[in-house]
Every structure is written in C-alpha cells, then in structure tokens.
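The values are calculated or read from the model by the stated rules, or taken from the named source; none is laboratory data. These numbers come from a predicted model, not from an experiment. We place every Cβ from the backbone using ideal geometry, glycine too, and count neighbours over all the protein chains shown.
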Amino acid sequence: MVPVKILMVCLGNICRSPLAQGILESKIDSSKYTVDSAGTAAYHTGNSPDPRSIAIANQHGISIQNQKARQFSILDFQKFHYIYVMDKTNYRDIISLASSEDEKRKVKLILDNEMEVPDPYYGGEEGFKKCFTLLDHACNRIIRILEDE
C-alpha cells in the first residue's frame, strides 16, 4: 500500500507548517500516511523551525527540531495527494503555480470556513500557543476526513 502524502505549507516553513507537520505525524499511522512541510518563500531554506515552534511542540511531546525549511516546488503537486495551506495568501500563491484543475483541487485551507492560521512569527508565546491549538484541531479534522475516504 502506497502511503497517502500530505504537505503543510506556510510562508517561510519555520513556524506554522513545521508545527502542522509534527502534530499530524504524531497522530497518524506512518505506514499509511507521510507528512512534509514547505514554505511559499525561500527565506529560511535549510533552517530548523523557529525555536518558539520547537518549544511549543516539545511542551506537547512532539519533536520537530530536526525538520529543515524548504520552498514549495511545482513538483510537489505530483508528489502529494493533499496540500494544506495556512492562510489565503499561501493559498493564492500555491494555486497560481498549479497547471491543472486536478492540482488546484489538492490545495485547501487547513482550517474550516475560510479561517486562517495567524502567523505567530512577530507575536509572543501566546501567538504560538494559539497556533498550536488551531493546528491541533485542524489535524484532528484532517484525520477524520482521511479515515472517511
């Protein structure tokens, strides 16, 4: 059985998408699903996640410190079954790279009802706590969707 491949995308791939990757990985069967993350921009390529993302993940028993930031590639459309983005700007950026309706259908906002995961980069610890909580709920919903398919 080929694992279902899921990609989490934010702007720089050091705050939200590494957290989303780590949270989802902690909840799924790795023989059935694989998760990765990327950023729409190359600002932090090769860097570890933001120390505040690492800290909030660690508080929940999730290790993300070995992840390395990378930029989204058009090849990701072929590699991944699902592409979850953190906000509408990320959505527009990724959709603009799609070459077909099939590729566009893979891209979804990670939260329901057109809500966005706020970027905690310029915020304090509370921003990272809120980000974790939103992504934790979103990952639970993603698992329910995957299990229903």
### Message
Here's a check for you: in the stretch 113-144, which residue that is loosely packed, with under 15 Cβ neighbours inside 10 Å and of a type in the set (Ser, Thr, Tyr) is nearest to Cys15 (Cα to Cα)?
### Response
Tyr122
### Task
Consider only pairs whose beta carbons are under 6 Å apart and that are at least six residues apart or on different chains; among these, list those whose first residue lies in the stretch 82-107 and is of a type in the set (Phe, Trp, Tyr) and whose second residue is in a loop (DSSP other than H, G, I, E, B).
Tyr84/Ile110
### Message
Can you report the number of residues in the stretch 1-45 which are touching a Pro at 6+ places or on another chain (Cβ under 8 Å), within 18 Å of Glu116 (Cβ to Cβ) and without any contact (Cβ under 8 Å) to a residue 40 or more places away in the chain?
### Response
1
### Summary
Listed by range, helices (runs of 4 or more DSSP H) wholly within the stretch 1-92 having at least 2 residues that are of a type outside the set (Lys, Arg) and in contact with a strand residue (DSSP E or B) (Cβ under 7 Å, 6 or more places away or on another chain) are 16-27
### Summary
Going through the stretch 70-81 in order, the residues found to be without any contact (Cβ under 8 Å) to a residue 60 or more places away in the chain and among the aromatic types (Phe, Trp, Tyr) are Phe77
### Query
Only one of (1) modelled with pLDDT under 95; (2) touching a His at 6+ places or on another chain (Cβ under 7 Å); (3) of a type in the set (A, V, I, L, M) fails for Ala69. Which number is that?
(1)
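Being acidic (Asp, Glu) and closer than 12 Å to Ala20 by Cβ is the filter here, so list the residues in the stretch 111-137 that pass it.
Our first condition is that a residue be acidic (Asp, Glu); within the stretch 111-137, this holds for 112, 114, 116, 119, 125-126, 136.
Once the filter is applied, which keeps residues that are acidic (Asp, Glu) and closer than 12 Å to Ala20 by Cβ, the stretch 111-137 yields only Asp136.
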### Task
Could you pull out the residue among Asp36, Asp50 that is closer than 20 Å to Ile145 by Cβ, of a type in the set (D, E, K, R) and either out of contact with any helix residue (DSSP H, G or I) (no Cβ under 6 Å at 6 or more places or on another chain) or modelled with pLDDT under 95 (or both)?
Asp36
### Message
Pairs needed: first member in the stretch 120-148, over 16 Å from Gln59 (Cα atoms); second member anywhere, among the β-branched types (Val, Ile, Thr) and surrounded by 17 or more Cβ atoms within 10 Å (Cβ to Cβ); C-beta distance under 6 Å; at least 6 residues apart or different chains.
### Response
Ala138/Ile110; Cys139/Ile23
